[in-house]
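These notes concern the structure reproduced below.
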Amino acid sequence: MAASARDSADAAERVVDDHDAWVSDGEMDVEMDVEVEFQDLDADRRDGGADGDDEYLLLTRIRDTSAAEARAGKDIQGIPWERIHIARQDYRKARLEQYKNYENFPQSGELMDKLCKQVEKSSKYYEFQHNTRSVKPSILHFQLRNLLWATSKHDVYFMSNSTVSHWSSLSHKISEVLDFSGHVAPAEKHPGSLLEGFSGVQVSTLAVNEGLLVAGGFQGELIGKDLEGRNVKFCARTTLSDNAITNAIDIHRSTSGSLRITVSNNDCGVREYDMERFQLLNHYRYNWPVNHTSVSPDKKLLAVVGDDRDALLVDSRNGKVTSTLVGHLDYSFATAWHPDSRTFATGNQDKTCRIWDTRNLSTSLAVLRGNIGAIRCIRYSSDGRFLVFSEPADFVHVYNVAADYKKRQEIDFFGEVSGITLSPDDKSLFVGVCDRVYASLLQYRMIHAFDYLDSYV
């Protein structure tokens, strides 16, 4: 990845010592200015000011926001703009002007801003449903944002400090799934699995699918847990290289139906593991650190991106490059496939998401622009109707695929994004928001032509 292994490890160490330190890394160096108000109130509270104490509690106490409250005018994140003496639109303007996009090639984003016109935000496909303040997502590496996964429209898994937790929208309860602050070891014996396990794993990426949770670490660790059995099934180390960060994990089924994972690593490798036997099946090597790999739905191809301007299309059987995709101006960190296995998307630090068609890879089908930063997370809906991608902070974009990506919805909030995820039925869209004060889980629901049918679901 763009940040070196040593820089990443140093950043991780700072986060462990002081979780607020993440704002100093790359894109996350612009905090919400409204926190100055809280600091002033906190000082007043320490000095014994009763009014300051009441005001501080009013501003920072945990309160969710419902759809009904949002329709009545309440800010979806509960930010009391009238009390902090700044209008939302003024703060948004300041964020757009001041947010620093992390780039490895200077001005790559500015150049794309000039070359690529933003699609008008004229549509609405998902509407705000709930903001849960008790869910506090976290980020350990500023370039890796796959830390939020939904297994149903009611079940979400997320990273919070050193713990993977589960949140239920039905019970509104949080339960611990896996705590990495101590020792983690497998309850089962498998060839290649480290029975001694790991201690103090710093989680860089996460994937949850097919009843399996797999976490990747800064030192090449892989930890898998069965969601139903609640047991840690395996612990493995992908590499002993010093440059060993696990950047991304893709859980999928092979053509024969066996469960597999494809792992992208900073040591320039892509590895495929069989999750039935917990064995390494394939190890493909490339010329640069691999930041993200996704397997096409028909299992024939891999979309591979990393610390290079070009993306690769790879034969999944042997790892050979079938096409090199030219167009991005910086390093890429996200890929996603449309269900038709012909179209796929790549997300880049040049602030664009490019759409590609395997039948003609000489140029991209579309170039979709972000507002303030790199495109770090991409999802296609399971029915192929929508493409969703997130920037490092403040914005999630939903594009209409049937409209040739010329219609979009813009979801606007404040805070760093730990991840975005669609429920398997596409009815719910979740956004993990990291912020010292307003960390939360934003939930949106798909807008239906006949909303009354939802009462029967």
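The values are calculated or read from the model by the stated rules, or taken from the named source; none is laboratory data. Note that the structure is a prediction, hence the values are computed from the model and not measured. Because the Cβ atoms are built from the backbone with ideal geometry, glycine has one as well, and the counts that use them run over all protein chains shown. Just so you know, the surface numbers come from the protein's heavy atoms only, side chains and all, with ligands and any DNA or RNA stripped out. Shrake-Rupley method; radii C 1.70, N 1.55, O 1.52, S 1.80 Å.
What to note about this one:
- Selection within the range 77-98: residues that are under 24 Å from the mean Cα position of the chain (by Cα) and open to solvent by 30 Å² or more (accessible area, probe 1.4 Å). The member of this set that is farthest from Val437 (Cα to Cα) is Glu97.
- Filter result for Gly200 (in the same structural domain as Asp155 (by the TED database), within 19 Å of Ser162 (Cβ to Cβ) and open to solvent by less than 10 Å² (accessible area, probe 1.4 Å)): no
- Checking each residue in the range 335-369 for being surrounded by fewer than 24 Cβ atoms within 10 Å (Cβ to Cβ) and either acidic (Asp, Glu) or free of Cβ contacts under 8 Å to residues at least 12 places away in the same chain (or both) picks out Asp340, Asp357, Asn360, Ser362.
- Within the set Tyr405, Tyr399, the sole residue that is within 18 Å of Gly347 (Cα to Cα) and outside any loop (DSSP other than H, G, I, E, B) turns out to be Tyr399.
- Residue that is modelled with the lowest pLDDT, among those in the range 119-159 that are open to solvent by 40 Å² or more (accessible area, probe 1.4 Å) and polar (S, T, N, Q): Ser122
- Contact map, the range 315-334: first residue assigned by the TED database to the domain that holds Leu361 and at positive phi, second residue open to solvent by 40 Å² or more (accessible area, probe 1.4 Å) and modelled with pLDDT under 95, Cβ cut-off under 8 Å, separation 6 or more or different chains; pairs are Gly327/Thr363.
To keep it simple, each residue is scored yes or no on (1) closer than 23 Å to Ile420 by Cβ; (2) charged (D, E, K, R); (3) in contact with a Leu (Cβ under 7 Å, 6 or more places away or on another chain).
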| residue | (1), (2), (3) |
| --- | --- |
| Ser181 | no, no, no |
| Glu210 | yes, yes, yes |
| Asp226 | no, yes, yes |
| Phe234 | no, no, no |
| Thr238 | no, no, yes |
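- Search result, residues across the range 370-399 that are within 22 Å of Pro424 (Cα to Cα), among the small types (Gly, Ala, Ser) and surrounded by 24 or more Cβ atoms within 10 Å (Cβ to Cβ): Ser390
- Look at (1) in a loop (DSSP other than H, G, I, E, B); (2) modelled with pLDDT under 55; (3) out of contact with any helix residue (DSSP H, G or I) (no Cβ under 6 Å at 6 or more places or on another chain); (4) surrounded by fewer than 18 Cβ atoms within 10 Å (Cβ to Cβ) and you find that Glu31 fails only one, number (3).
- Identification of strands (runs of 3 or more DSSP E) wholly contained in the range 316-377 with 2 or more residues that are within 18 Å of Leu302 (Cβ to Cβ) yields 321-325, 332-337, 343-348, 352-357.
- Criterion (modelled with pLDDT of 95 or more and within 22 Å of Ser108 (Cβ to Cβ)) met by exactly one of Asp394, Asp412: Asp394
- Pairs with Cβ under 9 Å, 6+ apart, first in the range 290-309 and farther than 18 Å from Tyr273 by Cβ, second acidic (Asp, Glu) and part of a strand (DSSP E or B): Lys300/Asp315; Leu301/Asp315
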